[in-house]
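Undergrad: For reference, the structure I am asking about is given below.
The values are calculated or read from the model by the stated rules, or taken from the named source; none is laboratory data. The structure displayed is predicted, hence computed values, not measured ones. Cβ sites come from the backbone with ideal geometry, for glycine too, and all protein chains shown count toward neighbours.
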Amino acid sequence: AQSVSQHNHHVILSEAASLELGCNYSYGGTVNLFWYVQYPGQHLQLLLKYFSGDPLVKGIKGFEAEFIKSKFSFNLRKPSVQWSDTAEYFCAVKVTSGTYKYIFGTGTRLKVLA
Amino acid sequence: DTGVSQDPRHKITKRGQNVTFRCDPISEHNRLYWYRQTLGQGPEFLTYFQNEAQLEKSRLLSDRFSAERPKGSFSTLEIQRTEQGDSAMYLCASPSDPGNTIYFGEGSWLTVV
């Protein structure tokens, strides 16, 4: 069955530290991959997405992610986090075999200390 | 504002009562999804519509749950005989065609007491 795993459930960093959040997926078809962010009290917002081409994708607010097909991974990175990056981050895969369904990971709660 | 609106934003109900949530998706989007999210979990797929046709339902959607999208525009999600385990946020999502970006509403929080 298709699934998305996010191994880091809680991450605490100081401002200016570098960030890497892991995401692994289990799906054998063509993958479309996403990272969404949910700030406290707000709806889910798209950070970045990968469909094809350059496996290193850049998103909003200085975030980037790298698709590594051989590792079934799509890790999120940011070189220098800010206090305003405190939020919950969700990785998702779009399943396209016979349906269009988005499967989400359990999320990683990031807290950035000022 | 994503253009996806949900109503009500919060609902507190007694166990055994019925509740209904409404979603108004982005008007030009044909597909509409319902997800459920509980604390510490990611959104879990419940069901989705292509226009007015309900194309897939998750096993999470018991017989007490029903969703409709009568004219291919807004959708409703009804939960009958609510249980405490139904307490969650119910999210509506409207993906762009061909479904490359999914836009979420702000969700409807349900608390069953």
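Undergrad: Working only within the range A:64-114, note down all residues that are in contact (Cβ under 8 Å) with a residue 40 or more places away in the chain and of a type in the set (S, T, N, Q).
TA: A:Ser73, A:Asn75, A:Ser80, A:Gln82, A:Thr86, A:Thr96, A:Ser97, A:Thr106, A:Thr108
Undergrad: Considering the range B:88-113 alone, what residues qualify as being within 12 Å of the chain's Cα centre (by Cα) and surrounded by fewer than 22 Cβ atoms within 10 Å (Cβ to Cβ)?
TA: Applying the first criterion (within 12 Å of the chain's Cα centre (by Cα)) to the range B:88-113 yields B:88-94, B:104-110.
Passing the criteria: B:Ala88, B:Met89, B:Glu106, B:Trp109, B:Leu110.
Undergrad: Restricting attention to the range A:25-43, and to residues there that are within 14 Å of another protein chain (Cβ to nearest Cβ) and either touching a His at 6+ places or on another chain (Cβ under 9 Å) or free of Cβ contacts under 8 Å to residues at least 40 places away in the same chain (or both), which single residue is surrounded by the most Cβ atoms within 10 Å (Cβ to Cβ)?
TA: A:His43
Undergrad: Same structure again: Which of the residues belonging to the range A:49-86 are within 14 Å of chain B (Cβ to nearest Cβ), under 26 Å from A:Gly29 (Cβ atoms) and exposed (fewer than 13 other Cβ atoms within 10 Å of the Cβ)?
TA: A:Ser52, A:Gly53
Undergrad: Next question. Does A:Leu46 meet the test of being closer than 27 Å to B:Asp1 by Cα and either surrounded by 17 or more Cβ atoms within 10 Å (Cβ to Cβ) or at pLDDT below 90 (or both)? Before the answer, list the steps.
TA: Details: closer than 27 Å to B:Asp1 by Cα: yes; either surrounded by 17 or more Cβ atoms within 10 Å (Cβ to Cβ) or at pLDDT below 90 (or both): yes.
When the stated conditions are applied, A:Leu46 passes them.
Undergrad: Would it be correct to say that B:Thr82 is farther than 30 Å from A:Val11 by Cβ and under 10 Å from the mean Cα position of the chain (by Cα)? Walk me through how you get there before you give the answer.
TA: Details: farther than 30 Å from A:Val11 by Cβ: yes; under 10 Å from the mean Cα position of the chain (by Cα): no.
No.
Undergrad: Another question, then. Please go through (1) under 22 Å from B:Val113 (Cβ atoms); (2) among the small types (Gly, Ala, Ser); (3) surrounded by 16 or more Cβ atoms within 10 Å (Cβ to Cβ) for B:Gly85 and return the number of the only condition it doesn't satisfy.
TA: Evaluating B:Gly85 over (1) under 22 Å from B:Val113 (Cβ atoms); (2) among the small types (Gly, Ala, Ser); (3) surrounded by 16 or more Cβ atoms within 10 Å (Cβ to Cβ) leaves (3) as the failure.
Undergrad: Mind listing whichever residues of the range A:50-97 are of a type in the set (Phe, Trp, Tyr) and within 18 Å of B:Pro95 (Cβ to Cβ)?
TA: To start, the set of residues in the range A:50-97 that are of a type in the set (Phe, Trp, Tyr) comprises A:50-51, A:63, A:67, A:72, A:74, A:83, A:89-90.
Matches in the range A:50-97: A:Tyr50, A:Phe51, A:Phe90.
Undergrad: While we're on this one: Taking the range A:2-44, which residues are of a type in the set (Ser, Thr, Tyr) and assigned to a loop (DSSP other than H, G, I, E, B)?
TA: Applying the first criterion (of a type in the set (Ser, Thr, Tyr)) to the range A:2-44 yields A:3, A:5, A:14, A:18, A:25-27, A:30, A:36, A:39.
Once the filter is applied, which keeps residues that are of a type in the set (Ser, Thr, Tyr) and assigned to a loop (DSSP other than H, G, I, E, B), the range A:2-44 yields A:Ser18, A:Tyr27, A:Thr30, A:Tyr39.
Undergrad: Give the residue, chosen from A:Ser80, A:Ser70, that is part of a helix (DSSP H, G or I) and among the hydroxyl-bearing types (Ser, Thr, Tyr). Working first, answer last.
TA: On the way: A:Ser80 fails: part of a helix (DSSP H, G or I).
None of the others qualify; the one that does is A:Ser70.
Undergrad: Would you mind listing the strands (runs of 3 or more DSSP E) fully within the range B:23-97 where at least 1 residues are touching a Ser or Thr at 6+ places or on another chain (Cβ under 6 Å) and within 13 Å of chain A (Cβ to nearest Cβ)?
TA: On the way: elements: B:31-37, B:44-50, B:53-57, B:65-68, B:75-79, B:88-95.
The strands (runs of 3 or more DSSP E) meeting that bar are B:31-37, B:44-50, B:53-57, B:88-95.
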